[in-house]
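Encoded as structure tokens, the structure appears first; notes follow it.
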Amino acid sequence: MALPAGTKDRGWAVKCTSRTRRKLIDRTMKAAAGVAVLIGIGVLAWVLSVVFVRGASALSWSFFTKLPAPPGAPGGGLGNAMLGTLLISAGATLLGVPAGIMAGVYLAEYGAGTRFGGFVNFMVNVMMGIPSIIAGLFIYALLVVSVGHFSGYAGAMALAFLMMPVVARTTADMMALVPDQLRESALALGAPRWRVIVQIVFRAARAGLLTGVLLAVARVSGETAPLLFTALNSPYWPRSLAGPTANLTVTIFNDAMSPYANWQRAAWGASLVITLGVLTISLLTRFILRRRA
Amino acid sequence: MSTIRASVHGAPASAGPMPKAAHTGAISVRHLNFYYGSHQVLFDNTLEIPGRSVTAIIGPSGCGKSTHIRVYNRIYEMYRGQRCTGEIFLDGENILGSSVDLIELRRRIGMIFQAPAPFPMSVFDNVAYGLRLHYQLPRSELVDRVEDALKGAALWDEVEAKLHHPGTALSGGQQQRLCIARALAVEPEVLLMDEPTSAVDPVGTAKIEELVQRLKERLTVVIVTHNMQQAARISDRTAFFFEGRIVETGETTALFTNPSKKQTEAYITGRFG
Ligand SMILES: Nc1ncnc2c1ncn2[C@@H]1O[C@H](COP(=O)(O)OP(=O)(O)OP(=O)(O)O)[C@@H](O)[C@H]1O
Ligand SMILES: [Mg+2]
């Protein structure tokens, strides 16, 4: 029956697919979606439970306050790595967030609809897709090689490189949601453009902006690859970010690969700490968004 | 040098032939053309708006009413590709000139939009926004001026107790009057209103109409409306737009009872639009 679409046979076709067939398709789709959800949640629960069970046994007060113990020796902790991760993440946030927000403002306000704006938009999307190890290599070639040694600063820059496009994207998207009418109202009162952006648009989009920043922080705080070539690692307390700096993710990598049982246990503990940190940030963002809605 | 004279048609004697000195908010539009990109939507608009009066702009949807008044405060410049040619004189000064201070221009010409858009801040801060922008006032005077503006917009009694609540928590009609208070606070000479009551209930509409009647004692009101009764009730003069051209202007009563153009008659008797 090769009737062109839209001719008088339409009614017949509708009748045929109705009832049993449609119901069957509907049920199959529902079942497939259900199975997919179960697999997803199941794997997540599995990972989390293993991390919690094996990580919890490593946690103690000294785990947060002490330096790593030598192989085989009891006690010790990863206090230096936790502090280092906090410092590197804070440095990355300080570098990446303002740059990302400004890029987002450009995309949403000044560059919208221009050729260059379209180009920047494309570049931001490309940057978001760059594998994190490339960010590490880039900073390694740029900074570590020219300075001559690994440093926490280089690590912070590599992470900032990863944060910037994420923050720019969410900032631009959230600002685009603010109705033009609000901008026009402020401009019509005589406000210059920058004031409209800072006092009205930022304020209207603040929950979204904060969410973007927190998600970017959560995303980079679990990165290992960019730190391998930049911050490296260190068995000492971080004095400044000028030299190799201890951090949780590279520590997990090293300790988990080591043949020593107490180091492997420390790696599980570090995994739990990072997981809890990221989980906290995610819950915080949900809470912020929920309260705004 | 000044061959340009602001319109004094039907205006009180305050204007006179030396319009620059007297800030009455008289507007004179000369040969205004407007383009969205290469698409022209206003054609040779010429219009005299006397100071301290209410002028209604009517016409079918899409005829360019909003576009026309959005040139007065140059808000259209926010968007790329929108441009115009022609002249608009406010009290004798061409506001489309390149040396015009946009910030001061927009203090002198306020605008109310179809949908009220309170800023994401308290009622007080909404009204104080323009004041803080243009003046550095001591707190006590700021408070007084905010109160005056809210009273001027007939909103004070309703919000006196919730000055520090978010402006977005008010009702639609209250939000629109909040926007009017916000615009009035900086003491403009002209108030542009683009269908200010189309999202407001009848009671709120009546309040805004009354308000407009009182406002014309101190400023010029230009109001776009789809509601013919509203135009007849509140305006002194009316301009009828059709397909980007001003077909007819005149005293409101004359235009409604005895239109001189066929198109005007057809529109006001409801035959199209
Ligand atoms: N941003 C824009 N880009 C391109 N064309 C536009 C734009 N805004 C309006 N136009 C066109 O300009 C013409 C006039 O529009 P305008 O909004 O001024 O009409 P209006 O008289 O205010 O209509 P309404 O009564 O529906 O508000 C219309 O044909 C419209 O399609
Ligand atoms: Mg309109």
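The values are calculated or read from the model by the stated rules, or taken from the named source; none is laboratory data. Please read these numbers as outputs of a predicted model, since none were measured by experiment. Please note: Cβ atoms are built from the backbone with ideal geometry, for glycine as well, and neighbour counts cover all protein chains shown. SASA here: full protein model, heavy atoms, side chains in, ligands and nucleic acids out. Shrake-Rupley method; radii C 1.70, N 1.55, O 1.52, S 1.80 Å.
Which members of region B:110-144 meet the condition of being away from chain A (no Cβ under 14 Å), charged (D, E, K, R) and either within 17 Å of A:I200 (Cα to Cα) or in contact with a helix residue (DSSP H, G or I) (Cβ under 6 Å, 6 or more places away or on another chain) (or both)? None; the set is empty. Selection of region B:200-229 for residues being of a type in the set (S, T, N, Q) and away from ligand 1 (no atom under 16 Å from the Cβ) yields B:T205, B:Q213, B:T220, B:Q229.
Among the conditions (1) modelled with pLDDT of 95 or more; (2) under 19 Å from the mean Cα position of the chain (by Cα); (3) not aromatic (F, W, Y), the only one that A:G129 does not satisfy is (1).
Give me the residue from region B:77-92 that is within 13 Å of another protein chain (Cβ to nearest Cβ) and touching a residue at least 40 places away in the same chain (Cβ under 8 Å) and, out of that set, nearest to ligand 2 (Cβ to nearest atom).
B:Q82
Consider region A:102-142 and keep the residues that are within 14 Å of chain B (Cβ to nearest Cβ) and assigned to a helix (DSSP H, G or I). The one that is surrounded by the fewest Cβ atoms within 10 Å (Cβ to Cβ) is A:R115. Residues that are away from ligand 1 (no atom under 16 Å from the Cβ) and touching a helix residue (DSSP H, G or I) at 6+ places or on another chain (Cβ under 7 Å) within region B:181-199 comprise B:A181, B:R182, B:L184, B:A185, B:V186, B:P188, B:E189, B:V190, B:L191, listed in sequence order.
Contact annotation: residue pairs with Cβ atoms under 6 Å, 6 or more positions apart or on different chains, pairing a residue in region B:203-223 that is open to solvent by 70 Å² or more (accessible area, probe 1.4 Å) with a partner that is of a type in the set (A, V, I, L, M), are B:K207/B:A154. Return a yes/no flag: does region B:25-32 have any residue that is loosely packed, with under 15 Cβ neighbours inside 10 Å, charged (D, E, K, R) and at pLDDT 95 or above. No, the conditions are met nowhere in region B:25-32.
Quick grid of which residues meet (1) within 14 Å of another protein chain (Cβ to nearest Cβ); (2) open to solvent by less than 20 Å² (accessible area, probe 1.4 Å); (3) basic (K, R):
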position	(1), (2), (3)
A:V144	no, yes, no
A:M157	no, no, no
A:A160	no, yes, no
A:M163	no, yes, no
A:A168	no, yes, no
A:A172	no, yes, no
A:M175	yes, yes, no
A:V178	yes, yes, no
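So, of the residues in region A:63-75 that are loosely packed, with under 14 Cβ neighbours inside 10 Å and out of contact with any Phe, Trp or Tyr (no Cβ under 8 Å at 6 or more places or on another chain), which turns out to be nearest to A:N247 (Cα to Cα)? So the residue we want is A:T65.
Look at (1) assigned to a helix (DSSP H, G or I); (2) under 17 Å from B:L211 (Cβ atoms); (3) at pLDDT 95 or above and you find that B:R132 fails only one, number (2).
Of all residues in region B:103-129, how many are outside any loop (DSSP other than H, G, I, E, B) and either buried (at least 16 other Cβ atoms within 10 Å of the Cβ) or in contact with a Pro (Cβ under 8 Å, 6 or more places away or on another chain) (or both)? Let's see the steps before the verdict.
From region B:103-129, those outside any loop (DSSP other than H, G, I, E, B) are B:103-112, B:122-129; that's our starting set.
From what's left, either buried (at least 16 other Cβ atoms within 10 Å of the Cβ) or in contact with a Pro (Cβ under 8 Å, 6 or more places away or on another chain) (or both): B:103, B:105-112, B:122-129.
Qualifying residue count, region B:103-129: 17.
It is to be established whether one or more residues within region B:132-143 are within 16 Å of ligand 1 (Cβ to nearest atom) and hydrophobic (A, V, I, L, M, F, W, C). There is no residue in region B:132-143 that is within 16 Å of ligand 1 (Cβ to nearest atom) and hydrophobic (A, V, I, L, M, F, W, C). A Cβ distance below 6 Å, combined with a sequence gap of six or more or placement on separate chains, defines the contacts here; from region A:188-209, residues that are at the interface with chain B (Cβ under 9 Å from one of its Cβ atoms) reach residues that are open to solvent by less than 10 Å² (accessible area, probe 1.4 Å) and polar (S, T, N, Q) in the pairs A:A188/B:N73. If you go through region B:38-69 and keep only what is within 14 Å of chain A (Cβ to nearest Cβ) and either more than 9 Å from ligand 1 (Cβ to nearest atom) or open to solvent by less than 10 Å² (accessible area, probe 1.4 Å) (or both), you end up with just B:I69.
Among the residues making up region A:76-90, those that are out of contact with any Phe, Trp or Tyr (no Cβ under 7 Å at 6 or more places or on another chain) and open to solvent by less than 60 Å² (accessible area, probe 1.4 Å) are A:G76, A:A81, A:G84, A:T85, A:I88, A:S89, A:A90. Restricting attention to region B:224-244 and to residues that are under 19 Å from B:K207 (Cβ atoms) and away from ligand 2 (no atom under 15 Å from the Cβ), the residue that is surrounded by the most Cβ atoms within 10 Å (Cβ to Cβ) turns out to be B:S235. Selection over region B:77-94 of residues that are under 30 Å from B:M228 (Cβ atoms) and open to solvent by less than 20 Å² (accessible area, probe 1.4 Å) gives a count of 3.
Kindly evaluate A:R219 against the criterion of being under 17 Å from the mean Cα position of the chain (by Cα) and among the basic types (K, R). So A:R219 passes the test. Of the helices (runs of 4 or more DSSP H) that lie entirely inside region A:176-269, those containing 2 or more residues that are at negative phi and touching a Ser or Thr at 6+ places or on another chain (Cβ under 9 Å) span A:206-221, A:225-228, A:248-257. Applying the set (1) surrounded by 11 or more Cβ atoms within 10 Å (Cβ to Cβ); (2) more than 27 Å from A:P235 (Cβ to Cβ) to A:G40 leaves exactly one unmet item: (1). If you check A:V278 against the conditions, is it part of a helix (DSSP H, G or I), open to solvent by 10 Å² or more (accessible area, probe 1.4 Å), under 28 Å from A:M102 (Cα atoms) and at pLDDT below 95? The answer is yes for A:V278.
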